[in-house]
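To keep things clear, I will list the structure first and then write my remarks on it.
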Amino acid sequence: MFYREAGDFKTSYREDSQTFPIKFDRLRYYAVLAVAFGVIPLFINDYWANAVFVPFLIYSIAAIGLNILVGFAGQVSLGTGGFMAVGAYAVYKLMTAFPEVSVFFHVLIAGGITAGVGVLFGLPSLRIKGFYLAVATLAAQFFLVWLFNKVPWFYNYSASGQINAPDRTIFGVFVTGAQTSATAKYMFCLVMLTIVAVIARNLTRGTVGRKWMAIRDMDIAAEIIGVNPLTTKITAFAVSSFFIGIAGALFFAVYLGAAEVGEAFGIQKSFLILFMVIIGGLGSIFGSFAGAAFLVLLPVLLKNVLVGTLGWPTDLAAHIELMIVGGLIVVFLIAEPHGLAQLWRLAKEKLRLWPFPH
Amino acid sequence: MNDMSDGYITADGRQIGGVLMELKNITLKFGGVTAISDISFDIRQGEIRAIIGPNGAGKSSMLNVISGFYIPTEGEVWFKGYKRGPMRPYQVAQLGIARTFQNIALFDGMSVLDNIMTGRLTLMKSGLLSQAMWWGSASKEEDEHREKVEKIIDFLEIQPIRKTPVGRLPYGLKKRVELARALAAEPKILLLDEPMAGMNVEEKEDMCRFILDVNDEFGTTIVLIEHDMGVVMDLSDRVVVMDYGRKIGDGPPDEVRNNQDVIDAYLGVAHD
């Protein structure tokens with residue numbers, strides 16, 4: 001009824017290739033941006049920021065990063081947690097070593113450092129594929145966690161072995177440390193997510209994205225067409241790790257405030273983000289958001305329903321919650337292997353004709 | 001020294017130029033198996049060159065040598081008067097050699113448009129950073145190349161399926177999209193590996209027309225492998241005949257048709 005592309009004619013290639021070719025989509029996108037930047041910051045409180053929005057925003061960044069590697073370039077990775085740890089420890093070292101530089105740049109540089117590490121661990125992808133590559137990246141996961149545990153230089157020789165985010169400001173507003181307001185945390189992560197999402201979208205719709213997808217769909221044909229497999233796979237690892245590094249830096253500095261590497265960036269984190277990407281939809285930027293939302297919001301929702309509404313004991317609710325989330329993942333994968341993004345596409349196709357499908 | 005100046009006039013009156021590519025004494029071995037033994041022939045500017053032969057004769061291997069997918073065990077490939085060193089396939093693509101595959105090798109997850117745009121990779125120059133920002137050169141370049149791609153889409157009459165994911169297309173159209181992707185690279189030499197395999201008569205006629213049009217309109221040199229003798233004899237200017245990895249005939253279709261070795265090995269029966 002309201003979802004129409006009839007009469008929406010394109011008169012230039014640029015118009016035709018824009019991100020939201022349908023006017024309704026475009027308007028909705030602007031509306032979401034306006035709400036995210038203009039409305040939510042006014043009403044957000046500590047509970048909503050810490051339980052829902054900040055983790056959602058940060059996991060979205062990580063999911064976009066991993067989706068570029070797995071969904072677009074077709075290289076399986078189980079090292080996400082390790083790469084997030086690189087981002088976290090890089091931003092920690094930068095924040096403590098150069099306190100006068102803005103934390104905004106620290107986060108970006110931490111992403112850059114992670115990109116370098118990602119490239120290093122991505123090199124085996126030239127020789128090995130699929131499950132074997134997954135095992136190689138798993139090695140990265142364990143090695144990196146071990147490294148940050150064993151070498152005291154990384155955590156500035158602190159007695160606890162933990163890293164603690166010092167207080168830092170952007171434009172005079174605290175964004176890390178104990179004095180940070182919910183709004184500041186939210187806005188900082190939102191700005192980062194917006195930057196990451198726009199870059200990811202631009203890269204995936206252009207030549208670089210086509211090279212990635214060509215390697216994913218048929219690497220031999222891609223090479224014969226003129227895709228250099230070395231540079232293409234390495235760029236995918238670099239860009240993906242850059243985003244994941246940013247996510248790790250924010251996760252530590254803004255969200256947790258203090259972190260211990262094995263606990264915060266262990267193998268569970270790698271799987272969690274891989275699940276987000278798979279449930280959301282491989283090879284879709286929207287899917288990264290959807291997957292992150294699903295896995296962040298669902299536990300919160302279940303907890304509220306089970307403990308808040310039904311009045312179950314907390315420990316029982318926590319276990320039931322795990323089982324329900326696990327069950328839903330299986331149901332989703334059977335019902336729609338291409339993830340939430342595919343469901344969304346199907347819904348849109350139906351809505352194009354609704355209510356007159358014939 | 002290769003002679004780039006001489007040429008010949010075809011039966012239908014087209015001027016064929018000098019030697020574009022020359023294969024000299026190519027031998028290709030896989031362990032103890034000799035796929036190609038000591039084959040030499042040349043490909044001239046603007047001609048349609050066919051390679052025929054029974055199954056397992058080494059035709060596809062020959063194409064793979066030309067496209068750089070296999071490095072010949074012995075022998076030399078000369079392109080535009082220069083000897084081609086050992087190269088990776090993507091480097092060969094950058095020289096202007098494009099190909100299609102016997103079993104369609106399209107990128108199933110991408111739309112027809114994206115597949116064809118991928119074919120223009122070697123011609124697109126904008127860097128990672130400018131693409132990340134989508135400012136200036138990257139988006140301008142995208143538009144320019146889109147225009148060229150639209151011409152090819154127009155030429156091959158696949159406008160309605162532009163945005164369709166390739167995985168959903170029927171076989172005949174996939175073959176056409178693959179031709180479009182190869183054409184998008186504006187190749188000097190276009191290699192077609194059984195472009196008409198598995199097609200019905202109508203689709204074959206369409207494909208023949210496209211091949212002739214490509215040759216006529218863009219002046220592209222075409223090397224094709226095909227089993228349909230009628231098609232080969234009609235389309236090609238010169239034919240190489242292979243059998244068991246050896247070359248047993250080379251020349252215009254009429255000459256090959258009457259070559260006793262070829263008749264024995266491949267065509268089986270004498271015509272008229």
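What FRET efficiency would be calculated for the residue pair residue B:12, residue A:219, taking the C-beta separation as r and a Förster radius of 56 Å, to the nearest 0.05?
On the way: r = 41 Å, r/R0 = 0.73.
Efficiency, from the Cβ-Cβ distance: 0.85.
Report the calculated FRET efficiency for residue B:168 and residue B:80 (r = Cβ-Cβ distance, R0 = 45 Å), to the nearest 0.05. Step by step, r from the Cβ atoms, then E = 0.70. Normalising by residue count, the range A:18-116 has a Cα convex hull of 160 Å³ per residue. For the pair residue A:50 and residue A:23, the difference between a 0.36 nm per residue extended length and the Cα-Cα distance amounts to 6.3 nm. Once each of the chymotrypsin sites (Phe, Trp or Tyr not before Pro) sitting in a DSSP loop with at most 16 other beta-carbon atoms within 10 Å is removed, chain A keeps A:172-358 as its longest stretch.
Projected onto planes of every orientation and averaged, the convex hull of the alpha-carbon atoms in chain A covers 21.3 nm². Stretched out straight at 0.36 nm per residue, the stretch from residue A:123 to residue A:101 would grow longer than its current Cα-Cα span by 4.7 nm. Of the complete DSSP H runs in chain B, those spanning 24 angstrom or more by Cα along the long axis with a mean Kyte-Doolittle score not below -1.0 are B:201-218.
Of the chymotrypsin sites (Phe, Trp or Tyr not before Pro) in the range B:172-253, the ones in a loop by DSSP (not H, G, I, E or B) with at most 15 other beta carbons within 10 Å are B:244. Of all DSSP-defined beta bridges confined to the protein assembly as shown, some 65% are antiparallel rather than parallel.
For the range A:26-130, which trypsin sites (Lys or Arg not before Pro) are in a loop by DSSP, counting at most 16 other Cβ atoms within 10 Å?
A:127, A:129
In angstrom, the C-alpha Rg and Dmax of the range B:1-123 are 16.2, 46. In this simple spin-label approximation, residue A:181 and residue A:131 carry label points 7 Å from Cα along the Cα→Cβ vector, and these lie 5.4 nm apart. Between the exposed loop cleavage positions of chain A, defined as GluC sites (Glu not before Pro) in a non-H, G, I, E, B DSSP state with at most 14 neighbouring beta-carbon atoms within 10 angstrom, the longest gap is A:101-358. One chain, two ends: residue A:336 and residue A:356. Fully extended at 0.36 nm per residue, the span grows by 4.7 nm beyond their Cα-Cα distance.
A 21 angstrom limit on the alpha carbon distance is what I want to check against. Which of A:211/A:348; B:83/B:125; A:211/B:59; A:350/B:174; B:24/B:247 exceed it?
A:211/A:348; B:83/B:125; A:211/B:59; A:350/B:174
When each of B:145, A:106 is scored by the number of other beta-carbon atoms lying within 10 Å, the sequence from fewest to most is B:145, A:106. Within chain B, what is the longest stretch that has no trypsin sites (Lys or Arg not before Pro) placed in a DSSP loop and near at most 13 other beta-carbon atoms within 10 Å? The longest such stretch corresponds to B:1-124.
The modelled label-to-label distance between residue A:14 and residue B:155, using points 7 Å beyond Cα along the C-beta direction, is 2.7 nm.
With 20 Å bins beginning at zero, the pair-distance distribution over Cα atoms of the protein assembly as shown amounts to 17, 43, 27, 11, 1 %. The charge dipole of the range A:44-266, taken about its Cα centre with unit charges on the Cβ atoms of Lys, Arg (+1), Asp and Glu (-1) only, comes to about 500 debye. Working from label points 7 Å from Cα in the Cα-to-Cβ sense, the residue B:38 to residue B:205 distance is 4.6 nm.
Could you calculate the FRET efficiency of residue A:139 with residue A:263 from 1/(1 + (r/R0)^6), where r is the beta carbon distance between them and R0 is 25 Å, rounded to 0.05?
After rounding to 0.05, the efficiency reads 0.80.
Taken together, the values in this text are just the output of simple stated rules run on the coordinates, not laboratory data. Quick caveat, the model's predicted, so the values are computed rather than measured. All Cβ positions, glycine included, derive from the backbone under ideal geometry; neighbour counts span all protein chains shown.
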